[in-house]
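Since the structure comes first, as structure tokens, the remarks are kept for the end.
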Amino acid sequence: MNERFSASGLMNPFFPDEVTFGEKGVTFTVKKLFRSNDNFVFYSDISGVEIENSMFFSTIHVIPRMRPEIIINNFSKGDAKKVKELILQKVQS
């Protein structure tokens, strides 16, 4: 299951945030102009997922158990919902 979701290119066309699903966990890539930050979290370490919707885009908040919250921005509402569903399916398995 190596699904990948990318944030909308409208807000940040060169450096969109990404979510990549693997067998044991999920990787959140937050990109900036001269750097990027990859956060890998095992599914068993995720305690919750929240979605903050604006008029056009959504922000995904992933809450790991023993780490700071991970925030990824500018996803379509449909992709944000799918990311949340996939994470919660894996967490409950």
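The values are calculated or read from the model by the stated rules, or taken from the named source; none is laboratory data. Note that this is a predicted model, so its numbers are computed, not measured. Ideal geometry is used to build each Cβ from the backbone, glycine not excepted, and the neighbour counts take in all protein chains shown.
Among the residues making up the stretch 41-65, those that are among the aromatic types (Phe, Trp, Tyr), in contact with a helix residue (DSSP H, G or I) (Cβ under 9 Å, 6 or more places away or on another chain) and surrounded by 12 or more Cβ atoms within 10 Å (Cβ to Cβ) are TYR43, PHE57. Would you check if there is a residue in the stretch 66-79 being crowded, with 16+ Cβ neighbours inside 10 Å, of a type outside the set (Phe, Trp, Tyr), touching a strand residue (DSSP E or B) at 6+ places or on another chain (Cβ under 6 Å) and part of a helix (DSSP H, G or I)? So far as the stretch 66-79 goes, yes, one or more of its residues are crowded, with 16+ Cβ neighbours inside 10 Å, of a type outside the set (Phe, Trp, Tyr), touching a strand residue (DSSP E or B) at 6+ places or on another chain (Cβ under 6 Å) and part of a helix (DSSP H, G or I).
Cβ-Cβ contacts under 6 Å between residues 6 or more apart (or on different chains), taken from a first residue in the stretch 3-21 that is among the basic types (Lys, Arg) to a second residue that is modelled with pLDDT of 90 or more and surrounded by 15 or more Cβ atoms within 10 Å (Cβ to Cβ), are listed as ARG4/THR20.
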